[in-house]
1. Residue by residue through region 411-430, note down the ones that are within 32 Å of the chain's Cα centre (by Cα) and farther than 17 Å from residue 75 by Cα.
2. Please verify whether residue 571 is surrounded by fewer than 18 Cβ atoms within 10 Å (Cβ to Cβ), assigned to a helix (DSSP H, G or I) and modelled with pLDDT of 90 or more, treating the condition exactly as stated.
3. Return the residue satisfying two criteria in turn: it lies in region 518-530 and is under 17 Å from residue 324 (Cβ atoms) and outside any helix (DSSP H, G or I), and of such residues it is modelled with the lowest pLDDT.
4. In region 21-51, what residues are at pLDDT 90 or above and either in contact with a helix residue (DSSP H, G or I) (Cβ under 9 Å, 6 or more places away or on another chain) or outside any helix (DSSP H, G or I) (or both)?
5. Within the group 74, 155, which residue is touching a residue at least 40 places away in the same chain (Cβ under 8 Å), surrounded by 15 or more Cβ atoms within 10 Å (Cβ to Cβ) and at negative phi?
6. When only residues in region 346-357 that are more than 14 Å from the chain's Cα centre (by Cα) and not in a loop (DSSP other than H, G, I, E, B) count, which is nearest to residue 274 (Cα to Cα)?
7. Determine, yes or no, whether residue 515 is part of a helix (DSSP H, G or I), under 19 Å from residue 592 (Cβ atoms) and either outside the structural domain of residue 231 (by TED's automatic domain parsing) or at pLDDT 95 or above (or both).
8. Please go through (1) surrounded by fewer than 24 Cβ atoms within 10 Å (Cβ to Cβ); (2) over 15 Å from the mean Cα position of the chain (by Cα); (3) more than 27 Å from residue 107 (Cβ to Cβ) for residue 343 and return the number of the only condition it doesn't satisfy.
């Protein structure tokens with residue numbers, strides 16, 4: 001972009017910003033209930049842990065390759081291995097830190113035993129919006145979940161401080177009509193409180209969810225201090241939503257508070273496996289994540305509260321120059337919005353308390369992979385945003401690690417392929433024992449079996465020790481939430497086995513997705529399947545036949561030429577060969593519910609169901625809209641204020657200075 005273009009863009013942003021609600025800062029010190037200690041040292045501490053660990057792992061690989069001379073294939077494996085170990089070490093130390101902080105009840109932000117909570121007795125003084133963007137979703141599910149959240153706040157003392165908006169982008173006319181009829185039903189059920197509940201459907205759904213929320217902010221955002229953003233499958237308790245609103249009101253320098261949405265309502269074996277793993281490991285991992293990201297938390301797109309004025313002022317997303325995957329509309333907008341808020345001086349936090357915030361997950365591996373395909377494209381696009389001016393280091397790491405979560409699968413797949421090629425070359429060629437014309441003694445081939453075993457066990461520790469610590473932590477502190485110690489141990493053992501079994505499937509899928517993104521294949525962002533369904537054999541085979549055939553050929557070749565390598569690859573090959581039966585069987589509702597009866601994969605909301613989820617479960621059984629006619633709903637008057645598009649090559653204008661933080 002030229003200097004003149006930059007200047008014109010800067011002037012445009014400055015002019016448009018005048019129409020945006022401004023947050024005044026008088027320089028007066030105001031206490032924040034999010035207390036930080038040593039935040040500037042956190043990333044340095046992580047670097048001091050991750051860099052030596054990665055170097056040690058790289059050195060062990062180097063020692064394995066060195067005795068027989070480094071070949072080009074081995075050099076490539078070493079480079080890929082260092083990259084992969086850096087990723088594993090970062091995840092490993094995040095888990096280890098989270099374990100010790102959780103074990104000793106230390107808050108990850110203040111590093112004290114207790115973080116100052118918001119004053120739960122203080123009434124809310126500002127108006128807040130609860131918004132649910134939807135797109136071609138199942139009408140029954142979104143309306144029942146929406147009503148559950150409304151009723152949670154209807155019964156509170158702060159009910160008058162919340163308005164509710166269902167923001168529809170639905171293009172399917174049958175579903176759009178069903179939404180209108182269901183909303184008519186909802187209004188009648190709510191009685192007088194219906195004056196605080198609104199439904200808006202856009203005629204043109206420009207810019208997907210980003211455009212949906214932007215239009216809400218521009219039309220009605222000036223009426224509210226903040227908005228709680230829900231997904232189509234979100235459910236939040238009244239206590240949690242009021243807690244979020246209080247945190248915004250009582251922390252004037254905070255623009256984003258993200259909760260951890262915990263999966264619920266899963267009946268298939270796979271859905272219950274994912275649900276159980278999230279409940280088991282999320283508190284520990286989130287605590288470790290909060291330790292090093294401090295006030296630069298990520299936004300996950302839903303189950304979070306956002307202060308509207310700075311969001312409008314700093315989060316207008318531009319269309320990126322160039323072609324996909326780095327050009328075009330910003331797809332995974334949530335990461336970027338959090339980064340833009342943080343670069344403007346606002347704080348963003350992650351709550352490590354997992355109560356009161358819920359979502360649903362895909363019920364089978366096929367739907368799970370389809371969802372990941374969308375995320376792969378959005379996260380890889382973030383690599384092109386690493387050089388955005390003014391970003392905080394933690395946000396750049398979020399961009400990098402978000403993309404690497406998928407690219408790491410391709411790196412691992414390439415390492416396995418290169419290792420196989422190297423082994424086949426050695427197995428099919430005659431070794432040279434005399435490489436010099438005047439060599440007196442032969443150069444024997446050396447196998448560093450000791451270093452191989454050390455590297456293998458070290459890698460296993462990086463992968464599985466955080467899981468074992470998560471299980472230990474749950475046994476010590478939360479075993480009752482999982483139905484008791486024995487139920488927890490049964491579930492954890494099967495979860496570990498299942499994780500190993502499906503890891504090769506996800507490695508193959510993610511590798512394919514990454515390659516397809518880099519070669520320019522785009523994906524449609526459609527509504528995801530949210531209810532459980534058993535995957536037909538035909539579909540399971542269709543999505544796995546290439547993978548399984550590759551695994552069979554891979555296995556036969558290595559077994560014939562290098563039986564020892566075949567044994568090392570066996571865990572990977574088994575998962576790939578059995579992919580279709582695994583997908584089919586794990587999508588079974590009967591198997592999932594049988595596991596529940598046997599006390600496997602039990603979670604806290606099945607042991608002690610909260611009122612919000614009980615409302616949802618009961619209402620799903622009797623929801624009906626056949627007798628209701630569609631009526632055009634009334635909307636609040638527009639209070640139009642523009643949301644300026646950001647110039648990513650410049651610092652945001654005006655800059656939001658950080659308020660003093662009291663320790």
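1. none
2. Spelling it out, residue 571 is indeed surrounded by fewer than 18 Cβ atoms within 10 Å (Cβ to Cβ), assigned to a helix (DSSP H, G or I) and modelled with pLDDT of 90 or more.
3. 525
4. 42, 43, 45, 46, 49, 50, 51
5. The unique qualifying residue is 74.
6. The initial filter retains those residues of region 346-357 that are more than 14 Å from the chain's Cα centre (by Cα), namely 346-349, 351-357.
After this cut, where a residue has to be not in a loop (DSSP other than H, G, I, E, B) as well, the list is 347-349, 357.
Working: 347: 31, 348: 27, 349: 25, 357: 16 Å.
The qualifying residue nearest to residue 274 (Cα to Cα) is 357.
7. Numbers: part of a helix (DSSP H, G or I): yes; under 19 Å from residue 592 (Cβ atoms): no; either outside the structural domain of residue 231 (by TED's automatic domain parsing) or at pLDDT 95 or above (or both): yes.
No.
8. All conditions are met except number (3).
The values are calculated or read from the model by the stated rules, or taken from the named source; none is laboratory data. Here the structure is a predicted model, which is why all the values come from computation and not from measurement. FYI the Cβ positions are ideal-geometry reconstructions off the backbone, even for glycines, and counts take in every protein chain you see.
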